[in-house]
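A short write-up of the structure that comes next.
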Amino acid sequence: MKRKTRKILAWISFLLFPVTLNFFSPYVSVDGAMQGIVSGSLIVFGIMLVSGLVFGRAWCSYVCPWAAPSEYLSLVNAKAVNRKKLRIIRYAIFGIWFSVIVLSFILAGGIRGIDPLHLTESGISVDDPMKFITYYMVILILFLTTVLLGRRGACHSICWMSPFLVLGMWIGEKLHFPQFKVRSEQEKCISCQKCNSVCPMSIDVQSEVSAGKIASHDCILCGNCVDTCPRKVLKIKIRRP
Ligand code: SF4
Ligand code: SF4
Ligand code: SF4
């Protein structure tokens, strides 16, 4: 798929965020779990996990509502982030939140039903002017973490959704599923580091080139490095088992 198409899809997803907000909401999942209900957001997180089996973290480039704004905010702060440190915060947030969901289901007596429209009866998340307060608060938190921390700062530090994609990716690797990855031809690389400068996920792409593929679970398959490489070292390919 052309990069332009990717950007168009990402912006459409952002424009639809007032409609889809609840389907990405960590709160809706917990509220549903407390009543033994599998809510729409929990279903979406399950879909993310399954998509990770083959498509890795492409969701973060094509589907996530925060994909497009986070990319453009690098015009404000393009600093590479410390991925390892921020990962600790992200997984701590995820661990606490997911434990609350599991505990809530246990206290509710297990799964008692599935309701994709739980807390979204009209099908539209922001269907009342007051709900715009929640919407703008979410946007503000994502905006501030991205602008203050650097390239895709919110993705690295507070995203509660990316662990589902990473888990799917990891399971796909263990089960030898065909997976989309950035593949490299090491012998053509001239170590110019242009790929590093355009990677929105602050990956040291050049160092990973020698391994024959970008193995990092932070790679979102955006294709920026592929387009920038002057020697055509990199390609996004699916590896067949
Ligand atoms: S890391 Fe999270 S916020 Fe960032 S693009 Fe992926 S799913 Fe969206
Ligand atoms: S390694 Fe390449 S494809 Fe992966 S996130 Fe970085 S620039 Fe995008
Ligand atoms: S842009 Fe291409 S040639 Fe330059 S370091 Fe990266 S992979 Fe190597």
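The values are calculated or read from the model by the stated rules, or taken from the named source; none is laboratory data. Source: prediction; values computed, not measured. Quick reminder, even Gly has a Cβ in these numbers, built from the backbone with ideal geometry, and neighbours come from all protein chains shown. The accessibility values were calculated without ligands, DNA or RNA, using every heavy atom of the protein model including side chains. Shrake-Rupley method; radii C 1.70, N 1.55, O 1.52, S 1.80 Å.
Data table
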{"item": "Cross-chain or 6+ apart pairs with Cβ under 7 Å, region 38-61 first and more than 24 Å from residue 214 (Cβ to Cβ), then open to solvent by less than 30 Å² (accessible area, probe 1.4 Å) and of a type in the set (Phe, Trp, Tyr)", "result": "41/24; 44/24; 45/164"}
{"item": "Selection within region 52-76 - among the polar types (S, T, N, Q) and open to solvent by 30 Å² or more (accessible area, probe 1.4 Å)", "result": "74"}
{"item": "Any chance residue 182 is at pLDDT 95 or above, within 16 Å of ligand 3 (Cβ to nearest atom) and under 24 Å from residue 50 (Cα atoms)", "result": "yes"}
{"item": "Residue selected from region 54-100 under the condition more than 15 Å from the chain's Cα centre (by Cα) and hydroxyl-bearing (Ser, Thr, Tyr), by the criterion modelled with the highest pLDDT", "result": "99"}
{"item": "Top-ranked residue of region 112-129 - restricted to ones that are open to solvent by 40 Å² or more (accessible area, probe 1.4 Å) and over 12 Å from residue 18 (Cα atoms), ranked as farthest from ligand 3 (Cβ to nearest atom)", "result": "112"}
{"item": "Selection status of residue 184, open to solvent by less than 40 Å² (accessible area, probe 1.4 Å), among the small types (Gly, Ala, Ser) and either on the phi > 0 side of the Ramachandran plot or within 11 Å of ligand 1 (Cβ to nearest atom) (or both)", "result": "no"}
{"item": "Close pairs (7 angstrom Cβ cut-off, 6 or more residues apart or separate chains): open to solvent by 40 Å² or more (accessible area, probe 1.4 Å) and away from ligand 3 (no atom under 16 Å from the Cβ) in region 156-174, β-branched (Val, Ile, Thr) and modelled with pLDDT of 95 or more anywhere", "result": "160/93"}
{"item": "Considering residues of region 203-216 that are touching a strand residue (DSSP E or B) at 6+ places or on another chain (Cβ under 6 Å) and within 17 Å of residue 54 (Cβ to Cβ) only, the residue farthest from ligand 3 (Cβ to nearest atom)", "result": "213"}
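The rows are residues; the columns are (1) under 26 Å from residue 157 (Cβ atoms); (2) near ligand 3 (Cβ under 6 Å from one of its atoms); (3) in contact (Cβ under 8 Å) with a residue 12 or more places away in the chain; (4) not in a loop (DSSP other than H, G, I, E, B).
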| position | (1), (2), (3), (4) |
| --- | --- |
| 190 | no, yes, yes, no |
| 200 | yes, no, yes, no |
| 218 | yes, no, yes, no |
| 222 | yes, no, yes, no |
| 227 | no, no, yes, yes |
